[in-house]
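Working notes for the structure below.
The values are calculated or read from the model by the stated rules, or taken from the named source; none is laboratory data. This one's a predicted model, so the numbers in the text were calculated from it and none came from an experiment. Note that each Cβ is placed from the backbone with ideal geometry, even for glycine, and that neighbours are counted across all protein chains shown.
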Amino acid sequence: GESVGLHLPTLSVQEGDNSIINCAYSNSASDYFIWYKQESGKGPQFIIDIRSNMDKRQGQRVTVLLNKTVKHLSLQIAATQPGDSAVYFCAENKARTGTASKLTFGTGTRLQVTL
Amino acid sequence: ETGVTQSPTHLIKTRGQQVTLRCSSQSGHNTVSWYQQALGQGPQFIFQYYREEENGRGNFPPRFSGLQFPNYSSELNVNALELDDSALYLCASSFTSGYNEQFFGPGTRLTVL
């Protein structure tokens, strides 16, 4: 079946270090991926996205890498800050023009930033 | 903040009752998607509304239904509530279906006793 999963349920990093959150997907037809951050009591917040015709995309302090060969996605956060503490989800968007844009989320990885 | 609002923020119901949750989409967005997020899990797609029509549905029974209004706001209705319906219900709006970022609201926390 199709799924979007994460390798590690909890990741603890020291403030200032780089964080890497990994995600595996099983559907080779997936062509759009999004990373969301969810803080306690809030809805998911868009971080960065990438389409399958790319293998890397950079934002402010964040980089997403896509390896279609092994169906793997990662989110790198540079110089992790206490405000980065949250649950991170990767989501697969199996979108086509004229059809529903259904996001399939994984379980999530909790990032804990220690001082 | 995304501009997507949801009401109420919290709700307590008893098994068998019916509930209506509301969502106002971000200005200019014509598509609203609803998700159910159980504690400790990722959100699960319930359905999507595009121009007032249901435009795709996840693996949820018919007692989960919805509406979208001309101003693109939306309602999620759940009949015959079950204990397992206790969850955070999220709505997300976007410009159109397809490759467009979905902006999430803060959610409605539903507790079924």
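When only residues in the range A:14-63 that are of a type outside the set (Ser, Thr, Tyr), more than 20 Å from A:Thr107 (Cα to Cα) and outside any loop (DSSP other than H, G, I, E, B) count, which is modelled with the lowest pLDDT?
Ranking the candidates gives A:Arg51 first.
Limited to the range A:49-87, what total is found for residues that are out of contact with any Phe, Trp or Tyr (no Cβ under 6 Å at 6 or more places or on another chain) and within 17 Å of A:Gln14 (Cα to Cα)?
So the answer is 14.
Only one of (1) within 15 Å of A:His72 (Cβ to Cβ); (2) touching a Leu at 6+ places or on another chain (Cβ under 7 Å); (3) of a type outside the set (Asp, Glu) fails for A:Asn27. Which number is that?
Result: A:Asn27 fails condition (2) only.
Cβ-Cβ under 9 Å, sequence separation 6+ or interchain: first residue in the range A:47-61 and crowded, with 17+ Cβ neighbours inside 10 Å, partner among the acidic types (Asp, Glu). Which pairs?
Listed by first residue and then by second, the contacts come to A:Asp49/B:Glu101.
Based on what the data block shows, is A:Thr104 more than 14 Å from the chain's Cα centre (by Cα) and either surrounded by 13 or more Cβ atoms within 10 Å (Cβ to Cβ) or of a type in the set (Val, Ile, Thr) (or both)?
no
Do we find that A:Tyr36 is touching a residue at least 24 places away in the same chain (Cβ under 8 Å), more than 7 Å from chain B (Cβ to nearest Cβ), touching a Pro at 6+ places or on another chain (Cβ under 8 Å) and aromatic (Phe, Trp, Tyr) in this structure?
For A:Tyr36, the condition - touching a residue at least 24 places away in the same chain (Cβ under 8 Å), more than 7 Å from chain B (Cβ to nearest Cβ), touching a Pro at 6+ places or on another chain (Cβ under 8 Å) and aromatic (Phe, Trp, Tyr) - is met.
If the requirement is being away from chain B (no Cβ under 11 Å), touching a Cys at 6+ places or on another chain (Cβ under 6 Å), more than 30 Å from B:Gln6 (Cα to Cα) and of a type outside the set (S, T, N, Q), which of these qualifies: A:Leu65, A:Leu11, A:Leu73?
The match here is A:Leu73.
Looking at this structure, is A:Glu92 surrounded by 12 or more Cβ atoms within 10 Å (Cβ to Cβ), in a strand (DSSP E or B) and at pLDDT below 90? Show your work before the answer.
Numbers: surrounded by 12 or more Cβ atoms within 10 Å (Cβ to Cβ): yes; in a strand (DSSP E or B): yes; at pLDDT below 90: yes.
So A:Glu92 fits the description; yes.
For the range A:19-46, enumerate the residues that are more than 10 Å from the chain's Cα centre (by Cα), surrounded by 17 or more Cβ atoms within 10 Å (Cβ to Cβ) and of a type in the set (Ser, Thr, Tyr).
Residues satisfying the conditions are A:Ser19, A:Tyr25, A:Ser30, A:Tyr32.
Give me the strands (runs of 3 or more DSSP E) completely within the range B:3-107, filtered to those with at least 1 residues that are more than 12 Å from chain A (Cβ to nearest Cβ) and modelled with pLDDT of 95 or more, ordered by residue number.
Working: elements: B:5-7, B:10-13, B:19-24, B:31-37, B:44-50, B:53-57, B:64-68, B:74-78, B:87-94.
Hits in the range B:3-107: B:5-7, B:10-13, B:19-24, B:64-68, B:74-78, B:87-94.
Which one of the conditions (1) buried (at least 20 other Cβ atoms within 10 Å of the Cβ); (2) within 24 Å of B:Pro106 (Cα to Cα); (3) away from chain B (no Cβ under 11 Å); (4) modelled with pLDDT under 95 does A:Leu6 fail to meet, given that it meets all the rest?
Of (1) buried (at least 20 other Cβ atoms within 10 Å of the Cβ); (2) within 24 Å of B:Pro106 (Cα to Cα); (3) away from chain B (no Cβ under 11 Å); (4) modelled with pLDDT under 95, only one is false for A:Leu6: (3).
Quick one: A:Ser85 ticks every box in (1) within 14 Å of chain B (Cβ to nearest Cβ); (2) buried (at least 17 other Cβ atoms within 10 Å of the Cβ); (3) small (Gly, Ala, Ser); (4) more than 13 Å from the chain's Cα centre (by Cα) except a single one, so which number is it?
Going through (1) within 14 Å of chain B (Cβ to nearest Cβ); (2) buried (at least 17 other Cβ atoms within 10 Å of the Cβ); (3) small (Gly, Ala, Ser); (4) more than 13 Å from the chain's Cα centre (by Cα) one by one, A:Ser85 breaks only (1).
Is there a residue being touching a Phe, Trp or Tyr at 6+ places or on another chain (Cβ under 6 Å), surrounded by 14 or more Cβ atoms within 10 Å (Cβ to Cβ) and in contact (Cβ under 8 Å) with a residue 24 or more places away in the chain anywhere in the range B:48-65?
Within the range B:48-65, none of the residues are touching a Phe, Trp or Tyr at 6+ places or on another chain (Cβ under 6 Å), surrounded by 14 or more Cβ atoms within 10 Å (Cβ to Cβ) and in contact (Cβ under 8 Å) with a residue 24 or more places away in the chain.
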